[in-house]
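The block underneath contains the structure these notes are about, expressed in C-alpha cells.
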Amino acid sequence: MSNLPRNLPGNLSVGHVVEVLLWLLLAALLYAWSFDFDREIEIYKFGASAWPRVIILLIAIAAIGQLAHHFQFATPAQSAVDDNVSDDSFNESMDDSPRKHASIKWYLWTFFLLSLPFAYMLLPQWIAPWFSSELSAELSSESSSESSWSKAGLHAAKLTCAGVLIALYMATMRGNLVGAMLALPIFFGALMQDFGFYALAPFFAVGVMYLMGERRPGWIALVTAIIMGLMLMLFVSVLYVGLPTGNISPFYEIGTGVVNFLT
Amino acid sequence: METFHHFIGGTVALFSDPIGVFVFFGGVIGGMLFGAIPGVSMLTLAAILLPFTAHLSPEHGIMLFSVIYCTGVYGGAITAILFNIPGAPENAPTAFDGYPMTQKGEAGKAVGAAVMCSAIGGTISAVVMMVATAPIAGWAISAFGPPEIFALVFFGLAVASSVGAKTFWKGWLSVLAGLLVAVVGQDPVGGIERYDFNMPYLLAGIHFIPTILGFFAVSEIFIQAEKKAIGTYKAPKMSVDFPTLAELIAHKVAIVRSIIIGFFCGILPGIGATLAAFMGYNEAVRWSKNREEFGRGKLEGVISSETANNAATGAAMIPLLALGLPGGALTAMMVGVFQMHNMEPGPLVFINSPDLVWVVFAAMFFANLSILFIGYLETKTIINLLRIPFQFLAPLILLLATVGAYAVRGLSIDIIAMFVAGVIGFFLRRSGYSVAGIVLGLILGKIGEQTFAQAMQMLHFEWSGFANRPIAFGLLIAGFLTLLVSTYRAFSQKT
C-alpha cells in the first residue's frame, strides 16, 4: 500500500485506514449474516446469534481502537505492513523486490494466483455435464449407465481444468515468486483429493524448491527422492497413515500401487 | 509421607511392567521426536496413536499421553529455536529469542537452555501436581461449575490478548478473530448451523490442528520464502555449545518465577502451557532491566518460556484429573482415551482408579527427568538439521504438515484449511497480528461459549448470579481489571 497518497489526519496512512475498513467490513458482513441463524432456542434465551454478535461488536471496537492508536502514535513512515517487508537490502538477482510486496499490483497479482486453486474446486462441477454429454455422444456404442457417464465426464472436466489452471499458474507466476509460493500449497491441497498424495507430492516438492530459489536439477531430483523415501517409509510403511490415493485414473492406480508395494 | 508412598508404588508399578516400560520410553522418545520434527507435533503423534490406545490398558493409555505431553512440549522448542517454527503454540515465545540466538550462532546454547529448563520446570511441576491434585479434587467438586470455568476462560482471554502482537489492539483483534473462527459450525446449545457456507465439513467447526500447523509452520515457510525472494534470508549458523551452569544459576529468579507462573497458568482450561509460556516470557520482559535485548537473542527469553511451558504440564493434569476438564489439546485427547475405556476423568478417578493416577504421576516425573539425558543426546544430533539448506527443508516441512493435518480426520479439506490458514497467517504476521492469539481464541472460544451457555442456564439468566459465586466473581473482576489496565496502557504508551 506504500505507493498510495498519505494526506490523512494525525499519523495515519492509507494502509492503516484500509486495514481498519477491512475489519469493519468483515464485522458488518458477519453481523448481517448472523440473521440467518438468529433463531430462538427454547432452553437458551440468548439464542445462537448472541455470542457471535458480541464478538463482532468487540471486533468493531478493537478496529476503531487500532485506528485511534495509529492516529496517536504511528510515525508517518510506518505503514500497516511489517518492517521486514520494507527491508532495503534485497538481492537484485531475484525478480521480486520488497517494494513490490506492499503494492496494490502485487496484492492483486497474488490474489489472482491464489484464486486459481479455488477455481479448480468450483469449475469442474459446472462444466462436467458438457463433458458427460460429449463422451456419451462419442462412445454411444458402449453400454454404460448414466452415472458412469457423469462420473467419466466429471473426471474429464477435472483433468482439463487442472491442466488449464496449472498452465495459467506457470505462465503468470514469473515475477511474483512469493505470490506463487503462497498459491502452490493450496493448489496442492485442492488437487489432492482427485490426484492423490503419492502422485502429486514429488511435483509439489520440486515446485517448492524451485520457488525457494533452487535451480540445480540434480539436487532437486536427489532431495525429492530422499524426501519421498523418508515420507513413504515413515508414514506408509511404519505408521500406516492412510493418505489420499486420488480417484482419477491413472493417478489412483499410482497411489494404490505405492501403498500396496509398501505395506 | 502418604504421597511419597503412593509415588513409590506408582514407580514400582511403572517399571516392573515390561509393557509399561516400553510404552513409557516409546512416549518419551516419540514425544521428543514429534515435537522436534518440523511440521508435525506431539499432537500429531497423539492423534495417530489415539485409536491404538483402545488396545492398551487405561493406565498405559493415559500414561503414554501424559509422557508424550511432557516431552513433546520440550521437543517443540527445538524447531522453534532452529527454524522459528514452534512445534506447538506453547513453544511460540521460545522462538522470539531462540531463533535470533540461532541466527547469532548460539543455537546450542538456546537448545541446551531449553533442555535444562524444561526438565527443571516439568519435574518441579510434577512434584507439586502429586501433592496438590488430590486436595484440589476434593475441593473442586463443589467449587467449580460452568460459571467458574467460564470466568477462568474470560480471565485467560483477557491476559492472552497481550501476547505476541505489535499493539494491544492487534492483540485483541487476533484473539477475537480466533473466537470468531471458533463460532463456525453448530452452536453448542441448539445445534444451529452458523457461518458454515452450506459445507458439511464446516458443520463440525474448523479443527485446531490444521489451523495451528497453518498459522505457525506454513506461514513461517512463506515468510522465509519471501526473505529468499527479496534476498534478506540468512542461513543460521551452527553451534553445539550448551549453556554453563553459571549461566543458568544467573537466571535463577527467572526460572523460579516461570515455574510459579507456569504452574498457575497450567490450571487454566484450554490454554495451559501456551498462556504459561507467553506469560513467563512477558514477565521476564517486564522485570528485566534490559528490555530492549529481548527479541534479539536473549537467553533469559528462552529460559523463561521453556521453564513456564513445562511447568504447566503437571498443572494441566490437575483440572483434567480433578475436574474432568481438559487444559489443552493433548489433555482433551486424554479425555478421549478415558472414554474409550468407559471411564470419565474427574474426582471419581482418584477413588475408583488410584493405581492409574499414581502410575501416571510417576511417569510424568520420570519423563521430565529423562528430558535432561535423552534431550541432551537428541539435541547434539538434531541440531545438525541446520546444515540442510532451507530450500531443501521447506518441502519436507510442508509435506510433514500435510500429513499432520490429514491424519487428524482423514479429510483432504483439512489440508486446504491448513494452507489457507498459512496464507492468512503470513499476511497477519506481516501486519503485526499475533497468530498465537488467534489460536488461543480458537481453542478457548469453544469452551467459553459452551460454559457461558451452561452458566447462564444454571443461573436462570440472572447476571447477578455470578456475584454470588466468589471464585467466578473474583476471576471476572480480575479479567476486567486486566482489560482496564491493558486498555489504559494502550492509550498511554506506543505499544
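The values are calculated or read from the model by the stated rules, or taken from the named source; none is laboratory data. These numbers were taken from a predicted model, which means no experiment stands behind them. Counting neighbours? That spans all protein chains shown, and the Cβs are built from the backbone with ideal geometry, glycine included. Ligands, DNA and RNA are stripped out before the accessible areas are found, and what is left, the full protein with its side chains, is counted by its heavy atoms. Shrake-Rupley method; radii C 1.70, N 1.55, O 1.52, S 1.80 Å.
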key: Conditions (1) within 11 Å of chain B (Cβ to nearest Cβ); (2) modelled with pLDDT of 85 or more; (3) open to solvent by less than 50 Å² (accessible area, probe 1.4 Å): number failed by residue A:58   = (3)
inquiry  = Just checking: which of the helices (runs of 4 or more DSSP H) contained wholly in segment A:146-263 hold 3 or more residues that are surrounded by 22 or more Cβ atoms within 10 Å (Cβ to Cβ), in contact with a Pro (Cβ under 9 Å, 6 or more places away or on another chain) and facing chain B (nearest Cβ under 9 Å)?
reply    = A:177-195, A:197-211
request  = Among the residues of segment B:217-235, write down those that are open to solvent by less than 30 Å² (accessible area, probe 1.4 Å) and within 22 Å of residue B:401 (Cα to Cα).
outcome  = B:217, B:218, B:219, B:220, B:221, B:222, B:223, B:224, B:225, B:226
query = Just one of the numbered conditions (1) outside any helix (DSSP H, G or I); (2) within 28 Å of residue A:70 (Cβ to Cβ); (3) facing chain A (nearest Cβ under 8 Å) is not true of residue B:172; which one?
reply = (1)
Every pair of residues 6+ apart whose Cβ atoms lie under 6 Å, when the first sits in segment A:61-73 and is within 7 Å of chain B (Cβ to nearest Cβ) while the second is assigned to a helix (DSSP H, G or I) and open to solvent by 10 Å² or more (accessible area, probe 1.4 Å) = A:62/B:169; A:62/B:172; A:63/A:23; A:63/A:24; A:65/B:169; A:66/B:169; A:69/B:169
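Okay, residues lined up against (1) of a type in the set (S, T, N, Q); (2) at pLDDT below 90:
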| site | (1), (2) |
| --- | --- |
| B:389 | no, yes |
| B:397 | no, yes |
| B:403 | no, yes |
| B:409 | no, yes |
| B:412 | yes, yes |
| B:419 | no, no |
| B:437 | no, yes |
| B:449 | no, no |
| B:467 | no, no |
query = With respect to residue A:108, is the statement that it is at pLDDT 90 or above, open to solvent by 60 Å² or more (accessible area, probe 1.4 Å) and over 30 Å from residue B:491 (Cβ atoms) true?
reply = yes
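Does residue B:88 satisfy being crowded, with 24+ Cβ neighbours inside 10 Å and under 16 Å from the mean Cα position of the chain (by Cα)?
Considered against the rule, which asks whether it is crowded, with 24+ Cβ neighbours inside 10 Å and under 16 Å from the mean Cα position of the chain (by Cα), residue B:88 comes out as yes.
Only one of B:380, B:446 is in contact with a helix residue (DSSP H, G or I) (Cβ under 8 Å, 6 or more places away or on another chain), open to solvent by 10 Å² or more (accessible area, probe 1.4 Å) and either in contact (Cβ under 8 Å) with a residue 60 or more places away in the chain or away from chain A (no Cβ under 11 Å) (or both); which?
Residue meeting the stated conditions: B:446.
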ask   = Restricting attention to segment B:63-73, does a residue exist that is surrounded by fewer than 22 Cβ atoms within 10 Å (Cβ to Cβ) and among the aromatic types (Phe, Trp, Tyr)?
value = no
ask   = Any chance segment A:34-54 includes a residue that's surrounded by 15 or more Cβ atoms within 10 Å (Cβ to Cβ), over 26 Å from residue B:158 (Cα atoms), at the interface with chain B (Cβ under 8 Å from one of its Cβ atoms) and modelled with pLDDT of 75 or more?
value = yes
query = Quick one: in segment B:35-44, which of the residues that are in contact with a Leu (Cβ under 8 Å, 6 or more places away or on another chain) and in a helix (DSSP H, G or I) is modelled with the lowest pLDDT?
reply = B:43
query = Any residue in segment B:298-312 that is open to solvent by 10 Å² or more (accessible area, probe 1.4 Å), modelled with pLDDT under 80 and away from chain A (no Cβ under 14 Å)?
reply = no
Those residues of segment B:388-432 which are open to solvent by 10 Å² or more (accessible area, probe 1.4 Å) and among the acidic types (Asp, Glu), in sequence order = none
request  = Please state which one of B:250, B:204, B:229, B:217 is among the small types (Gly, Ala, Ser), more than 10 Å from chain A (Cβ to nearest Cβ) and over 30 Å from residue B:47 (Cβ atoms).
outcome  = B:250
Criterion violated by residue B:372 - all others in (1) part of a helix (DSSP H, G or I); (2) within 20 Å of residue B:66 (Cβ to Cβ); (3) more than 23 Å from the chain's Cα centre (by Cα) satisfied = (3)
query = Mind checking which pairs have a first residue in segment B:178-192 that is at the interface with chain A (Cβ under 9 Å from one of its Cβ atoms) and a second that is open to solvent by 20 Å² or more (accessible area, probe 1.4 Å) and assigned to a loop (DSSP other than H, G, I, E, B), Cβ under 7 Å, 6 or more apart or different chains?
reply = B:189/A:43; B:192/A:39
query = For segment A:19-51, how many residues meet the condition of being among the polar types (S, T, N, Q) and touching a Pro at 6+ places or on another chain (Cβ under 8 Å)?
reply = 1
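Given B:409, B:387, B:430, which one is of a type in the set (D, E, K, R) and within 7 Å of another protein chain (Cβ to nearest Cβ)?
B:430
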key: Those residues of segment B:453-495 which are among the hydroxyl-bearing types (Ser, Thr, Tyr) and outside any helix (DSSP H, G or I), in sequence order   = B:495
query = For segment B:180-202, which residues satisfy the criterion of being assigned to a helix (DSSP H, G or I) and either at pLDDT below 85 or of a type in the set (Gly, Ala, Ser) (or both)?
reply = B:182, B:200, B:201, B:202
